[in-house]
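Step one of this worksheet: look at the structure below.
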Amino acid sequence: MFRLSVMFFLFTMAEGAALVLLSGHLGALGFSGRQISYVFATGALAALVSPVVAGWLADRYWPAQRFLAGCQLVSAPILLAAWRQQSFPGFWAAFALFALIRLPAMTLTNVIAFHHLGRSERFGYVRVWGSIGWIAVTWALSLYLSLWPDQAAHLGDGLLVSAVVFAVSGVYALTLPHTPPGAASAVPGRGYSFASALGLLRRPDFAVIVLVAFLSATVSPCYDNFSFLFLTSADGLRLSPSIASWAQSLGVVV
């Protein structure tokens with residue numbers, strides 16, 4: 001359980017470093033509200049394509065821990081490139097590529113955990129370390145920003161921190177227990193298809209989970225895209241970026 005907890009801690013820490021300050025960084029670059037929304041929409045666009053392709057590859061060819069390591073190690077230079085971008089087209093392209101790679105990695109952490117835990121009720125004990133990692137990096141970035149007189153000029157440094165943590169997390173993923181491709185442990189005669197997945201919707205408990213996930217995904221962008229800008233803008237609460245970063249972590253703490 002300890003090794004899986006570290007996996008979630010590092011992966012979610014890397015995600016938090018990239019996303020918590022992102023809208024503030026884009027605003028400091030002079031991006032419009034619509035352009036900021038387009039950047040955040042890359043995650044939704046990637047979710048339509050990336051999990052299908054990556055899931056097919058992971059189910060048939062690569063052990064999950066190696067696929068996870070590859071996704072994270074590739075994410076590091078992409079985030080470094082995004083950190084250096086000043087224009088909207090360049091940043092959008094880099095972040096779209098990052099989203100295509102990040103989403104399969106999110107799924108793979110769960111695949112690895114469930115495969116080795118055996119009992120699903122133990123999952124929460126390791127997954128909570130992901131939330132702790134998010135809180136830790138948010139507070140660390142808040143402290144980092146407080147050291148600078150011009151905090152807005154350093155909001156993009158979260159991308160640099162994320163690149164470093166993804167590199168460390170990718171190397172660590174190579175040491176995780178072996179998790180064979182999904183097809184190797186599949187029930188004989190039961191294939192992987194959209195039809196079989198949609199068939200699960202006949203179960204009321206699964207249908208409720210899908211409905212709740214849909215509603216959560218609908219509401220989340222309203223908070224994620226512009227809450228930091230509201231907290232720091234002259235028309236909002238006028239908080240300093242360091243305080244706004246800390247304030248955003250309160251929802252995770254609760």
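Read the figures in this text as sums done on the coordinates, not as results from a lab. Source: prediction; values computed, not measured. A quick note on method: Cβ atoms are made from the backbone with ideal geometry, for glycine too, and the neighbour counts reach across all protein chains shown.
Worth a mention:
- Think of each Lys and Arg Cβ as +1 and each Asp and Glu Cβ as -1; about the Cα centre, that makes the dipole of the chain roughly 640 debye.
- Measuring nothing but how far apart in sequence close Cα pairs (under 8 Å, 6+ apart) lie, relative to its length, the chain scores a relative contact order of 36 percent.
- Cα gyration tensor category, rounded, prolate or oblate, for the range 1-114 with a/c compared to 1.5: prolate
- Residues S162, S87, S131 arranged by fewest to most Cβ contacts within 10 Å: S87, S131, S162
- Loop chymotrypsin sites (Phe, Trp or Tyr not before Pro), the range 29-76, which have at most 15 other Cβ atoms in a 10 Å radius of their Cβ (DSSP): Y61
- Relative contact order [Cα under 8 Å, 6+ residues apart], the range 29-148, whole percent: 31 percent
- Value at 222 nm in deg cm²/dmol, rounded to 500, when DSSP H runs of n ≥ 4 in the chain each add -39,500 (n - 2.57): -25000 deg cm²/dmol
- Each Lys and Arg Cβ is given +1 and each Asp and Glu Cβ -1; about its Cα centre, the range 57-188 then shows a dipole of about 320 debye.
- V161, V219, V171 arranged by Cβ crowding within 10 Å, fewest neighbours leading: V219, V171, V161
- Shape class of the chain from the alpha-carbon gyration tensor: prolate, with a/c at 1.5 or above and a/b greater than b/c.
- Projected label points at A152 and I209, each 7 Å from Cα along the beta carbon direction, are separated by 4.5 nanometres.
- Within a Gaussian network of the chain (alpha carbon springs, distance under 10 Å), most fluctuating of L215, L100, L21: L215
- Residues I135, I36, ranked from the fewest to the most other C-beta atoms within 10 Å, line up as I135, I36.
- When the Cα positions of T107, P77, L201 are compared along the charge dipole of the chain, L201 comes out farthest toward the positive end, with charges on each C-beta of Lys, Arg, Asp and Glu.
- Summarising the label geometry, the points placed 7 Å from Cα in the beta-carbon direction at V252 and A44 lie 2.3 nm from one another.
- Of W134, W83, W62, the one that fluctuates the most in a GNM where the chain has Cα springs shorter than 10 Å: W62
- Comparing L215, L229, P149 along the charge dipole axis of the chain, the residue lying farthest to the positive side is L215, per the Cβ-charge model.
- Cβ-based charge dipole, the range 74-165, positive-most Cα from G118, F88, V165: G118
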